Amino acid sequence: MPEHAGRPSGDSQIRQQLLHHARLLFSKKGYAKVSTRLIADAAGVNAAMIRYYFQDKAGLFEAVVTETIQPLARLVRQQNQQKSQSSPALFIQTYYQLMGQAPELPKLIFRSLHDPDSAEHRIVSKIFGQMFQQMISQLQRYMREPGRLKPECDPLNAIVSCVSLAIFPFLMPDVVKQQLGIAMTPEFLTQLGQHQQQLLHSGLVPDQEKQNV
């Protein structure tokens, strides 16, 4: 994602406008069906601004994904550097907050990761590969700490449950959301995050550990 020392005059919001509308369009239509012209028109700017800030559509897509997950990546990186442990619920709540900005984006990311022939696969794999590796490593340390889980809970199964709780709400088919009357609003995701925290605490944490919390 190239940056330039000299910026066109009066364009302080252009880059953010491009990112905002690109995020919405990529999420709604998918990477292949979105052109730079469509993004530029939605943002109300000349398409040359995409070349100026991002070089091309791939660069803009990379910036959208990178900047959307940047707070979560920063949290994971800090925890790794400090060798400290955050509860799985914190990762889930942070993920909900970030992806709530564009609830359809996780579907695009999911499809990209499962389609090695797609143009966006390389971009998504590069961005998520290291972060997921670090996050799984942290979850493993957390789950395998003595006394952290109930004796009958397997650490690997607990990790799979945490990842599932984080990812599934955004991959839920529309027909299921319609039947349940769910809308992926910030308010709903906040409530769901709190519920997931209670669920993990009740299902995984030993009674003695609960008393000490």
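The values are calculated or read from the model by the stated rules, or taken from the named source; none is laboratory data. It should be emphasised that the depicted structure is a prediction, and the values quoted were computed from it without experimental measurement. Neighbour counts are summed over all protein chains in view; Cβ atoms, including those assigned to glycine, are modelled from backbone coordinates with ideal geometry. Just so you know, the surface numbers come from the protein's heavy atoms only, side chains and all, with ligands and any DNA or RNA stripped out. Shrake-Rupley method; radii C 1.70, N 1.55, O 1.52, S 1.80 Å.
What number, in percent, do you get for the relative contact order of the chain if the mean sequence gap of Cα pairs under 8 Å and at least 6 apart is divided by its residue count?
Dividing the mean separation by the residue count of the chain yields 22 percent.
Using only Cα atoms, tell me the angle between helix 14-29 and the longest principal axis of the chain; keep it within 0 to 90° and round to the nearest 10.
70 degrees
Accessible area per residue for the chain in Å², computed with a 1.4 Å probe and the full protein assembly in place, what is it?
Solvent-accessible surface per residue comes out at 56 Å².
Give me the angle, in degrees from 0 to 90, between the Cα long axis of helix 57-82 and the longest principal axis of the Cα atoms of the chain, rounded to the nearest 10.
Orientation of helix 57-82: about 30 degrees from the principal axis.
Using only alpha carbon pairs under 8 Å that are at least six residues apart, calculate the relative contact order of the range 112-213 and give it in whole percent.
27 percent.
Students often check this: by mean Cβ neighbours within 10 Å, which of 201-207, 98-104 ranks highest, and how do the rest follow?
98-104, 201-207
Using only Cα atoms, find the angle between the long axis of helix 155-171 and the longest principal axis of the chain, and express it within 0 to 90 degrees, rounded to the nearest 10.
For 155-171 against the chain, the angle is about 40 degrees.
Of all the accessible heavy-atom surface of the range 65-130, with the other protein chains kept in place and a 1.4 Å probe, what percent is carbon and sulfur?
With neighbouring chains kept in place, the figure for the range 65-130 is 49 percent.
Determine the calculated [θ] at 222 nm for the chain from helices alone, applying -39500 (n - 2.57) to every DSSP H run no shorter than 4 residues and normalising by the residue count; nearest 500 deg cm²/dmol.
The helix-only estimate for the chain comes to -22500 deg cm²/dmol at 222 nm.
Show me the three semi-axes of the equivalent ellipsoid for the chain, from the C-alpha gyration tensor (sqrt of 5 times each eigenvalue), largest first, rounded to whole Å.
So the three semi-axes of the chain are 36, 19, 15 Å.
Send over the semi-axes of the range 113-213's equivalent ellipsoid, whole angstrom and largest first, taken as the square roots of 5 times the C-alpha gyration tensor eigenvalues.
28, 22, 11
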